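The values are calculated or read from the model by the stated rules, or taken from the named source; none is laboratory data. Values in this document were obtained by computation on a predicted structure and should not be read as measured data. So basically every Cβ, Gly included, is an ideal-geometry build from the backbone, and we count neighbours across all protein chains shown. Remember, those area values only see protein heavy atoms, side chains included, never the ligands or the DNA or RNA. Shrake-Rupley method; radii C 1.70, N 1.55, O 1.52, S 1.80 Å.
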Amino acid sequence: MSDSASPPVAPPSPALSVSQLAMLAELGEERTADVGEVLYRVGDERYPFIAIREGGVAILDTAGAEITRHGASGFLGELTLLSGQTVLVTAVVTEPLRYIAVDRERFRSLLYEDAAFSDLVLPAFIARREALQRVQGLGLEVVGPRSSEATMRMLEFARSNRLPYTWHDSDRADDPLAAAVVAGFDEASLPLVRLPGGVELRGPSTGEVSRALGIGRELAGREEVDLLVIGAGPAGLGAAVYGASEGLDTLVIDSAGLGGQAGTSRRIENYLGFPAGISGNELTSRAVTQARKFEARLATPYRAVALEPGNGRHTVRLGEDHEVAARAVVIATGAQYRRLPVEHLAEYEGISAFYAAGPPEAQLCGAERVAVVGGGNSAGQAAVWLSRGGALVSLLHRRADLRETMSDYLIRELERYRVEVRDRSEIAALHGADGQLQAVTLTTGARLPFSYLFLFLGALPCTEWLGDAIERDAKGFILTGAGVDGEHLLATSVPGVFAAGDVRSGSTKRCATAVGEGAMAVQLVHAHLAPPTQHESSKARV
């Protein structure tokens with residue numbers, strides 16, 4: 001075990017109560033371990049939830065550097081225990097240990113059933129994952145050039161799933177080792193992906209990486225379900241929870257990761273029931289846990305490529321030659337980020353231009369000049385969070401008054417954290433080298449020095465895969481309710497297919513509304529699936 005040159009980065013473990021330790025002892029097995037014994041290591045496929053009675057444990061990164069320590073009444077683990085993902089760190093005993101080991105399945109059941117235990121453990125797991133995202137060399141190792149679409153797609157997959165990763169850009173002159181590693185690779189073999197534990201994959205799909213990590217459910221070539229939910233953001237997860245809890249065989253698919261764009265929000269201040277606010281990561285992680293509790297099946301990354309309406313069952317075709325036949329479908333695919341209409345943006349994306357402000361990106365920005373572009377709440381939340389982390393933040397938006405598009409509480413927060421707000425500001429050009437931003441030029445001709453750019457420019461609906469199967473408005477959002485002469489607000493032009501959340505034309509684009517629409521959609525699904533009443537049958541015969 002090597003010593004870390006810097007203090008531990010992970011938050012301290014909250015303490016389990018005496019009664020909680022007693023409860024865990026009834027469910028698990030009491031064990032002992034000597035100093036130097038390894039409880040689990042990087043790349044292991046499984047490990048139990050570990051509660052410490054006496055002694056101490058150090059958590060080490062891939063190179064053996066210490067990240068943090070846990071002592072008596074503390075516990076080990078992070079989100080891998082819930083997702084089934086392979087282990088990211090190594091746990092080594094530092095003091096003679098007496099502990100309780102609880103099998104992962106029993107631990108998950110307890111998390112679902114005991115609210116106080118869940119409220120202690122789940123936030124700790126989420127905080128630990130965010131801390132691990134800031135540890136260099138941990139998790140996935142991706143080697144490939146920024147000119148490779150497959151490489152950039154793999155990086156976006158890692159970000160959207162909040163996976164710790166390290167990227168070696170073989171296009172950069174200062175990383176000759178990366179260039180040497182991929183020398184002679186053809187385009188189909190890029191990127192090279194090293195998994196925790198050392199397994200190497202050449203040119204894998206995001207699905208292959210997901211399943212190799214243990215977090216991707218493998219679907220059969222054809223699945224038949226009561227309810228198919230397409231999209232795992234707040235609307236999709238809302239539909240999953242209510243559908244599965246009410247007895248529907250429910251399958252949720254998403255082309256990226258669980259949580260959608262809401263999962264990347266630093267803090268949602270106006271979500272009902274959380275007066276201190278809640279991070280999008282915690283909100284969606286809790287929703288995922290709740291969906292799994294009710295045995296909804298969550299499968300990522302699977303991309304829907306076509307919808308074929310049918311009589312009794314609709315068929316949704318997925319990438320990789322899969323299909324799902326469903327009695328009802330809820331489309332909750334949300335929207336994708338709008339890109340800045342300037343030349344050479346792709347050269348900076350993923351290096352110094354981002355569409356979300358997560359821990360890996362924030363770590364780059366301490367004491368740097370940062371531009372956040374956009375006038376909505378997501379832009380305001382990102383600007384505040386980056387400023388609190390030490391960045392020198394300017395918010396650029398194109399309107400004359402920020403109050404036209406942003407909530408008052410966020411405008412006050414911008415003032416509180418001294419975020420510079422520049423009205424009527426639009427970027428015309430980017431300046432930099434090797435993907436590293438140095439400055440931007442505005443349409444007014446002003447040139448401003450920035451090292452990083454965060455773009456929150458709204459979104460376009462993810463509906464191109466529908467073709468002519470579903471009626472959409474001029475912008476591509478799905479028409480529902482009165483827009484298609486439908487009886488119900490969320491009903492689309494195809495009976496048995498419903499739309500919820502941001503993908504729906506006329507939706508309010510708010511997280512709480514999306515959750516509510518997902519729940520409402522399930523009630524409409526039940527009405528659609530219910531057998532006709534005697535009166536309705538008589539009317540049909542007449």
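Okay, residues lined up against (1) open to solvent by 80 Å² or more (accessible area, probe 1.4 Å); (2) on the phi > 0 side of the Ramachandran plot; (3) modelled with pLDDT under 90; (4) not β-branched (Val, Ile, Thr):
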site: Leu466; (1), (2), (3), (4): no, no, no, yes
site: Ala469; (1), (2), (3), (4): no, no, no, yes
site: Ala474; (1), (2), (3), (4): yes, no, no, yes
site: Gly486; (1), (2), (3), (4): no, no, yes, yes
site: Ser505; (1), (2), (3), (4): no, no, no, yes
site: Gly518; (1), (2), (3), (4): no, no, no, yes
site: His535; (1), (2), (3), (4): yes, no, yes, yes
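Restricting attention to the range 242-266, report how many residues are surrounded by fewer than 21 Cβ atoms within 10 Å (Cβ to Cβ) and assigned to a loop (DSSP other than H, G, I, E, B).
Within the range 242-266, the first condition is being surrounded by fewer than 21 Cβ atoms within 10 Å (Cβ to Cβ), and the residues that meet it are 245-247, 249.
Still in the list and also assigned to a loop (DSSP other than H, G, I, E, B): 246-247, 249.
Looking only at that region, the number is 3.
If the Cβ limit is 6 Å and pairs must be 6+ apart or interchain, which residue in the range 126-141 that is touching a residue at least 60 places away in the same chain (Cβ under 8 Å) and over 18 Å from Pro191 (Cβ atoms) pairs with which residue that is open to solvent by less than 20 Å² (accessible area, probe 1.4 Å) and outside any loop (DSSP other than H, G, I, E, B)?
Short answer, once both residue conditions are applied: Ile126/Asn281; Ile126/Ser285; Glu130/Pro359; Gln133/Pro359; Arg134/Pro359.
Looking at (1) closer than 22 Å to Thr264 by Cβ; (2) within 19 Å of the chain's Cα centre (by Cα); (3) part of a loop (DSSP other than H, G, I, E, B), which is the one condition that is false for Thr86?
(1)
For residues in the range 98-137 being outside any helix (DSSP H, G or I) and within 21 Å of Lys293 (Cα to Cα), which is least open to solvent (accessible area, probe 1.4 Å)?
Residues of the range 98-137 outside any helix (DSSP H, G or I): 98-103, 114, 133-137.
Remaining after also requiring within 21 Å of Lys293 (Cα to Cα): 102-103, 114.
On the way: Val102: 1, Asp103: 75, Asp114: 41 Å².
Among residues in the range 98-137 that are outside any helix (DSSP H, G or I) and within 21 Å of Lys293 (Cα to Cα), the one least open to solvent (accessible area, probe 1.4 Å) is Val102.
Specify which of the listed residues (Ala328, Ala335) is more than 30 Å from Gly375 (Cα to Cα) and either touching a helix residue (DSSP H, G or I) at 6+ places or on another chain (Cβ under 6 Å) or crowded, with 17+ Cβ neighbours inside 10 Å (or both).
Answer to the selection: Ala328.
Give me the pairs: first residue in the range 77-101 and under 26 Å from Gly216 (Cβ atoms) and touching a residue at least 60 places away in the same chain (Cβ under 8 Å), second residue among the acidic types (Asp, Glu) and open to solvent by 10 Å² or more (accessible area, probe 1.4 Å), beta-carbon distance under 6 Å, and six or more apart or on different chains, which are they?
From the range 77-101, the pairs are Thr86/Glu45; Val87/Asp44.
In the range 271-283, what count of residues is obtained for those that are open to solvent by 10 Å² or more (accessible area, probe 1.4 Å) and out of contact with any Cys (no Cβ under 9 Å at 6 or more places or on another chain)?
Here the count works out to 8.
Under 8 Å between Cβ atoms, which residue pairs at least 6 apart in sequence (or on different chains) link something in the range 372-383 that is part of a loop (DSSP other than H, G, I, E, B) with a partner that is at pLDDT below 90?
Between residues of the range 372-383 that are part of a loop (DSSP other than H, G, I, E, B) and residues that are at pLDDT below 90, the close pairs are Gly374/Gly458; Gly376/Gly458.
Only one residue in Arg162, Arg172, Arg146 is outside any helix (DSSP H, G or I) and under 16 Å from the mean Cα position of the chain (by Cα). Which one?
One residue alone meets the criteria, Arg162.
Of everything in the range 148-196, what is acidic (Asp, Glu), modelled with pLDDT of 80 or more and farther than 22 Å from Ser210 by Cβ? Give them in sequence order.
Narrowing the range 148-196 to residues acidic (Asp, Glu): 149, 156, 169, 171, 174-175, 186-187.
In the following step, the residues that additionally are modelled with pLDDT of 80 or more were identified as 149, 156, 169, 171, 186-187.
Asp169, Asp171, Asp186, listed by residue number.
Taking the conditions exactly as written (open to solvent by less than 10 Å² (accessible area, probe 1.4 Å) and either farther than 24 Å from Gln261 by Cβ or in a helix (DSSP H, G or I) (or both)), does Leu437 satisfy them or not?
Considered against the rule, which asks whether it is open to solvent by less than 10 Å² (accessible area, probe 1.4 Å) and either farther than 24 Å from Gln261 by Cβ or in a helix (DSSP H, G or I) (or both), Leu437 comes out as no.
Looking at the range 22-60 only, could you name the residues that are among the β-branched types (Val, Ile, Thr) and either modelled with pLDDT under 95 or closer than 21 Å to Phe125 by Cα (or both)?
Result: Val38, Val42, Ile50, Ile52, Val57, Ile59.
Can you find, within the range 440-462, the residue that is most open to solvent (accessible area, probe 1.4 Å) among those that are under 30 Å from Ser255 (Cα atoms) and touching a strand residue (DSSP E or B) at 6+ places or on another chain (Cβ under 6 Å)?
Taking the candidates together, the pick is Leu460.
Quick check on my filter: what residues within the range 23-58 are in a helix (DSSP H, G or I) and open to solvent by less than 50 Å² (accessible area, probe 1.4 Å)?
Hits for the range 23-58 are Met23, Leu24, Ala25.
Quick check: anything in the range 333-343 touching a residue at least 24 places away in the same chain (Cβ under 8 Å), within 22 Å of Ala232 (Cβ to Cβ) and aliphatic (A, V, I, L, M)?
There is at least one residue in the range 333-343 that is touching a residue at least 24 places away in the same chain (Cβ under 8 Å), within 22 Å of Ala232 (Cβ to Cβ) and aliphatic (A, V, I, L, M).
Restricting to the range 84-101, name every residue that is among the small types (Gly, Ala, Ser) and either at pLDDT 95 or above or over 26 Å from Leu195 (Cα atoms) (or both).
Of the range 84-101, the ones among the small types (Gly, Ala, Ser) are 84, 91, 101.
Matches in the range 84-101: Ala91, Ala101.
Within the range 341-365, count every residue that is of a type outside the set (Asp, Glu), open to solvent by less than 60 Å² (accessible area, probe 1.4 Å), under 15 Å from Ile427 (Cβ atoms) and not in a helix (DSSP H, G or I).
5
Of all residues in the range 297-318 being farther than 23 Å from Ser245 by Cα and without any contact (Cβ under 8 Å) to a residue 40 or more places away in the chain, which is most open to solvent (accessible area, probe 1.4 Å)?
Asn311
Against the conditions (1) closer than 18 Å to Arg194 by Cα; (2) surrounded by fewer than 20 Cβ atoms within 10 Å (Cβ to Cβ); (3) not small (Gly, Ala, Ser), where does Asp174 fall short? Just the number, please.
(1)
Mind listing just one residue for me: the one in the range 175-199 that is in contact (Cβ under 8 Å) with a residue 40 or more places away in the chain and in a loop (DSSP other than H, G, I, E, B) and, of those, nearest to Arg128 (Cα to Cα)?
Residues of the range 175-199 that are in contact (Cβ under 8 Å) with a residue 40 or more places away in the chain, as a first pass: 190-199.
In the following step, the residues that additionally are in a loop (DSSP other than H, G, I, E, B) were identified as 190-191, 195-199.
Working: Leu190: 31, Pro191: 28, Leu195: 20, Pro196: 17, Gly197: 20, Gly198: 22, Val199: 24 Å.
The extreme case among them is Pro196.
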